[in-house]
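The values are calculated or read from the model by the stated rules, or taken from the named source; none is laboratory data. This structure is a prediction, so every number in the text was calculated from the model and none was measured. In this analysis, Cβ positions are derived from the backbone assuming ideal geometry, glycine residues included, and neighbour counts consider all displayed protein chains.
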Amino acid sequence: MVVVLSLFSACNRTKPRNRIDENHLPRIILWAWERPEDLQFLDPNRFGVAFLAQTLTLKNDDVLYSPRHQPLKVPPGIKLVAVTRVESQKVTHESVMLSSEQRAKLVERIRKTLELENVTAIQVDFDAVTSERAFYTELLKDLRRVLPDNIPLSMTALASFCVGDRWLKDLPVDEAVPMAFRMGTDADPIKTFLTGGNDFRDDICRRSYGVALDEPVKTAFEKQRRVYVFNSRPWVPADVAVLEERFGR
């Protein structure tokens with residue numbers, strides 16, 4: 001009887017919610033970092049834009065705020081993902097407390113990006129080291145609680161997190177975007193892993209992935225998987241033509 005109940009429970013387990021799909025974000029999303037970008041040539045029905053909205057730097061027991069400084073031009077009706085970059089001692093080499101006060105400040109700053117025009121989803125970009133993971137987990141939990149229920153919460157993830165590390169498994173996010181580019185010492189083994197027909201382990205890592213325009217990675221991913229694309233230079237129509245050829249229509 002115990003075995004039967006266990007099997008019944010497993011078969012009826014509901015699939016985790018995915019607000020990204022519920023909001024019908026386009027399959028190809030361009031990352032627009034801190035530089036002038038004119039993306040008015042994009043078709044809003046086929047492309048979205050994830051733009052750097054702000055950078056938040058943890059220092060001592062404070063959070064330093066730096067808003068986007070460069071102009072971003074997009075066509076009417078395009079769906080935007082507001083990205084917040086979080087930096088800590090790994091980048092700044094400054095002392096950081098990782099306090100509840102800092103977490104509250106981060107949550108409020110990130111929540112405010114939802115007030116920007118045409119923002120459909122929130123994304124957090126934080127390369128948390130092992131000692132920062134508990135803090136980051138609580139940050140995402142707090143953020144999910146204050147966001148409207150229908151707003152997607154996305155996070156970027158080092159590709160290694162989605163291959164051999166399971167700490168992302170129970171995070172309250174709608175997707176973790178494995179960044180399969182600029183991977184440093186992890187590049188060769190992860191590229192070999194992906195080109196061998198393998199996939200990322202956790203469900204939230206299999207909803208989307210990130211690549212660079214100048215660093216293509218061959219994968220066996222299904223065509224409908226959402227892809228975020230980084231470009232080391234400002235986007236132009238010819239770059240989008242490359243995306244259409246690479247990822248199909």
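Annotations
- Close pairs from the range 34-56: first farther than 14 Å from Asp239 by Cβ and modelled with pLDDT of 95 or more, partner of a type in the set (Phe, Trp, Tyr) and loosely packed, with under 15 Cβ neighbours inside 10 Å, Cβ under 7 Å, at least 6 apart: Gln54/Tyr65; Leu56/Tyr65
- Test: residue in the range 149-164 that is under 14 Å from the mean Cα position of the chain (by Cα), part of a helix (DSSP H, G or I), touching a residue at least 40 places away in the same chain (Cβ under 8 Å) and closer than 23 Å to Arg17 by Cβ: yes
- Restricting attention to the range 189-224, the residues that are farther than 26 Å from Pro172 by Cα and not in a strand (DSSP E or B) add up to 14.
- Candidates are the residues of the range 84-143 that are hydroxyl-bearing (Ser, Thr, Tyr) and under 23 Å from Pro71 (Cα atoms); the one that is farthest from the chain's Cα centre (by Cα) is Thr113.
- For the criterion of being free of Cβ contacts under 8 Å to residues at least 40 places away in the same chain, out of contact with any Gly (no Cβ under 8 Å at 6 or more places or on another chain), in a helix (DSSP H, G or I) and not hydrophobic (A, V, I, L, M, F, W, C), Lys141 passes.
- Considering residues of the range 173-188 that are touching a helix residue (DSSP H, G or I) at 6+ places or on another chain (Cβ under 7 Å) and assigned to a loop (DSSP other than H, G, I, E, B) only, the residue nearest to Glu138 (Cα to Cα): Val173
- For the criterion of being farther than 25 Å from Gln89 by Cα, of a type outside the set (A, V, I, L, M), surrounded by fewer than 20 Cβ atoms within 10 Å (Cβ to Cβ) and without any contact (Cβ under 8 Å) to a residue 24 or more places away in the chain, Asp203 fails.
- Candidate set from the range 62-91 (those that are hydroxyl-bearing (Ser, Thr, Tyr) and modelled with pLDDT of 95 or more); member that is surrounded by the most Cβ atoms within 10 Å (Cβ to Cβ): Thr84
Here's the yes/no breakdown for (1) within 19 Å of Leu52 (Cα to Cα); (2) touching a Lys or Arg at 6+ places or on another chain (Cβ under 9 Å); (3) modelled with pLDDT of 95 or more:
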site: Glu94; (1), (2), (3): no, yes, no
site: Arg109; (1), (2), (3): yes, no, yes
site: Glu115; (1), (2), (3): yes, no, yes
site: Asn118; (1), (2), (3): yes, yes, no
site: Val124; (1), (2), (3): yes, yes, yes
site: Ser131; (1), (2), (3): no, no, no
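- Enumeration of residues in the range 92-119 that are among the polar types (S, T, N, Q) and either buried (at least 20 other Cβ atoms within 10 Å of the Cβ) or assigned to a helix (DSSP H, G or I) (or both): Thr92, Ser100, Gln102, Thr113
- Selection count where residues are in a loop (DSSP other than H, G, I, E, B) and more than 18 Å from Leu114 (Cα to Cα), scope the range 19-50: 13
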